[in-house]
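Okay, structure first, notes after.
The values are calculated or read from the model by the stated rules, or taken from the named source; none is laboratory data. Here the structure is a predicted model, which means the values were calculated and not measured. So basically every Cβ, Gly included, is an ideal-geometry build from the backbone, and we count neighbours across all protein chains shown. Only protein heavy atoms, including side chains, enter the accessible area calculation; ligands, DNA and RNA are left aside. Shrake-Rupley method; radii C 1.70, N 1.55, O 1.52, S 1.80 Å.
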Amino acid sequence: MTTGTEAMNSVTGSGTPPPPPPPAANGTPPPPAAVPPAAGAFTWPTEHADLGAKYGNDPVKAIGALAAAQTFLGADPNSLVRLPKDGDAEGMKAVYTRLGMPPTPDAYKLDPEVAKVQAIKDFLPAVHAAGLNNAQVNALAKTIIENGAAATKAADDAFMAQAGKDMETLKAEWGAAYDQQLRQAKATAMKLGITGEQADAIERAIGTKAMLEMYAKAGAELVEKPHVDAGGTPTGQLTPAQATARRSELARDRGFQARIAAKDVGALLEYRQLNAWSKGMTLAEFEGAIAAGEGLSKR
């Protein structure tokens, strides 16, 4: 039968310390038993004292730090990057260079679809200042190109949708005269020498409905408002001398010249009509002679 005291004494770590080891045969006392260092007893070498603030003086943490450091043993020094302190511009430049930033903006190696976009080339100095490498620049540029294409398509779709609505509105407003108005608008644009690219730019700037109305109105005014003499009597087609005189008069008219400078359609048509008459030609003959390269001026 075991007593409670015996049971307690048999448990490891009881409060009773183990007896000291017997003395050696020669009478020399044995060495003291090893005592594990208490927490906080460990200190870093002087040259690495700064690590104490990071890992503390705990031996376990110190060993963990040593194990982590050993993972870098044998690593290629060129694969390691030391981050500089805040505000160290040169240090950050060195980091960016290690990460693949080229030495100058013009040294970026752009992918073919990126290199053909001038706007991308224009912002290379900015991305270089930000420290981007080739892969980052190409990825960013492709995103910008894709977003730009999507925005352009959206604008084109919106323009075409509005143009369709404008044409339907003009059909309702012009009624039976719709086809005639379109022909007159087309003839006016041709007489003014407006190219397809110019017409497209005008249409996108002011809208389909406004553009066609402008051309149709200008053509109608040119046909419906004949020249008159000093008494207000319509004279129809002017003689070359009359046309030359009228042209000289308009050359001195500041208001008319302001309309010419603003590319007013009615003013431009009137001036070209006067040029034709001054040559003894109809406007169609005059335009044909210009197209044939006979040395006549449109103005």
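Pick from the range 90-113 the residues that are open to solvent by less than 70 Å² (accessible area, probe 1.4 Å) and over 24 Å from the mean Cα position of the chain (by Cα): which of them is farthest from Val137 (Cα to Cα)? Out of the qualifying residues, it is Gly91.
Just so you know, in the range 269-299 the residues that are open to solvent by 40 Å² or more (accessible area, probe 1.4 Å) and aliphatic (A, V, I, L, M) include one that is modelled with the highest pLDDT, and it is Met281.
What about Lys121, is it touching a Gly at 6+ places or on another chain (Cβ under 8 Å) and either at pLDDT 85 or above or part of a loop (DSSP other than H, G, I, E, B) (or both)? In short, no. Residues being surrounded by 10 or more Cβ atoms within 10 Å (Cβ to Cβ), in a helix (DSSP H, G or I), touching a residue at least 24 places away in the same chain (Cβ under 8 Å) and among the β-branched types (Val, Ile, Thr) are represented in the range 129-141 by at least one member. Scanning the range 187-208 for residues that are assigned to a helix (DSSP H, G or I), open to solvent by less than 80 Å² (accessible area, probe 1.4 Å), of a type outside the set (A, V, I, L, M) and farther than 10 Å from Val265 by Cβ yields Gly196, Asp200, Glu203, Thr208.
Exactly one residue out of Glu146, Glu113 is part of a helix (DSSP H, G or I) and within 30 Å of Gly207 (Cβ to Cβ): that is Glu146.
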